[in-house]
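Contents: one structure, followed by commentary.
Every number here is computed from the coordinates shown, using simple stated rules; none is lab data. Just so we're clear, the structure is a prediction, and the values are computed from it rather than from any experiment. Because the Cβ atoms are built from the backbone with ideal geometry, glycine has one as well, and the counts that use them run over all protein chains shown.
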Amino acid sequence: DGGITQSPKYLFRKEGQNVTLSCEQNLNHDAMYWYRQDPGQGLRLIYYSQIVNDFQKGDIAEGYSVSREKKESFPLTVTSAQKNPTAFYLCASRKGQGTSEAFFGQGTRLTVV
Amino acid sequence: GEDVEQSLFLSVREGDSSVINCTYTDSSSTYLYWYKQEPGAGLQLLTYIFSNMDMKQDQRLTVLLNKKDKHLSLRIADTQTGDSAIYFCAESMGKGGNKLTFGTGTQLKVEL
C-alpha cells in the first residue's frame, strides 16, 4: 500500500546527543516537509524539499538539518544545538502545489532527557 | 513573518453548527486548506479553496474566504461527536507555491 511512514513512533535521547528521525514515502511525491507540533503553537515548518537534492529552511530551522538524497526519503536530524527538542514531529509529502493534498505520517514523539 | 492564526478552542453542542476561523497574512497565497487531526495521529485534508473563490460547499462543510481581510472560515453543519478534533487551516505560499504553512489549530469539542 502507498503511504508515508515515520519511525520510530517514540524516541528518547539524552541531552547533547544528535538524533535522526526517519521519513519514507512510496507515493512518488516530489515535495516533502517536516513540522514540529507543540501544544498551543500548531504546526511549525522546520524544513521542506521540493525536489531531490534541494531543500529550503522553514520558519524554525535552527538546530535541525535535513537531506534529500532520494525522492522517497527525507530524514531530519535534531542536533544538540536545538534548545528545546522535546516535541511531536510530523513528516508530510505531496505531489506538488495547488490542490494536491499533503499526506502525513503518524508522527514521532521525541523526548530528550 | 508568515503567521496563520486561529482561536485555540471551540465547544459546541451536538447538532449545532461549528464555525472555525482563521486569519492568514500572505495575500499571494493561491490555495487555502482545512485539515483535521484526530488524537495522536497525523493530519487529513478536509477541503480546500482557490483564492479566487468566495465560498465552497462540500456536504456538511462550508468554507468562506474573505480575501480583502485575509480571513478564512470553516462551518460544520449538524456537528457530531465524531467531529471532535483539532482543525488546522493552511496556505500555500512562496516560489512555486510549495511552502505549506499551517495555523495554530483549533480544538473542537462536541458535547452531548
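In segment A:1-96, what trypsin sites (Lys or Arg not before Pro) fall in a loop by DSSP, with at most 14 other Cβ atoms inside 10 Å? Intermediate results must be reported in sequence, preceding the final value.
Values: sites: A:9, A:13, A:14, A:36, A:44, A:57, A:68, A:70, A:71, A:83, A:94, A:95; in loops: A:9, A:14, A:68, A:71, A:83, A:95.
Here the sparse-neighbourhood loop sites are A:9, A:14, A:83.
Can you give the local net charge around residue B:110? Use residues other than it whose beta-carbon is closer than 10 angstrom to its beta-carbon, Lys and Arg +1, Asp and Glu -1.
Values: positive: B:13, B:109; negative: B:14, B:16, B:83, B:111.
After counting each charged neighbour, the total is -2.
Cα-Cα over 19 Å: which of B:36/B:67; B:36/B:109; A:95/B:99? Working shown, then result.
Working: B:36/B:67 22 Å; B:36/B:109 13 Å; A:95/B:99 13 Å.
Flagged as over cut-off: B:36/B:67.
Let me make sure I get this right: for segment A:49-113, a, b and c are the square roots of the gyration tensor eigenvalues over alpha carbons, sorted descending. Under 1.5 in a/c it's rounded, otherwise prolate if a/b > b/c, else oblate. Which is it? Write out the running numbers ahead of the final one.
On the way: a/c = 2.12, a/b = 1.57, b/c = 1.34.
Prolate, because a/c is 1.5 or more and a/b exceeds b/c.
Per residue and in cubic angstrom, what volume does the convex hull of the Cα atoms of chain A have? Please list the in-between numbers first.
Values: hull volume 11.2 nm³, N = 113.
Each residue corresponds to 99 Å³ of Cα convex hull volume.
Kirkwood Rh over Cα pairs of the protein assembly as shown into Stokes-Einstein at 37 °C, 0.692 mPa s: D in µm²/s? Don't jump to the answer; show the numbers that get you there.
Values: Rh = 17.9 Å.
Rounded, D is 183 µm²/s.
No solvent, one uniform scatterer per C-alpha: report log10 I(q)/I(0) for segment B:1-104 via the Debye equation at q = 0.09 1/Å, two decimals.
Results for segment B:1-104 at q = 0.09 Å⁻¹ read -0.21.
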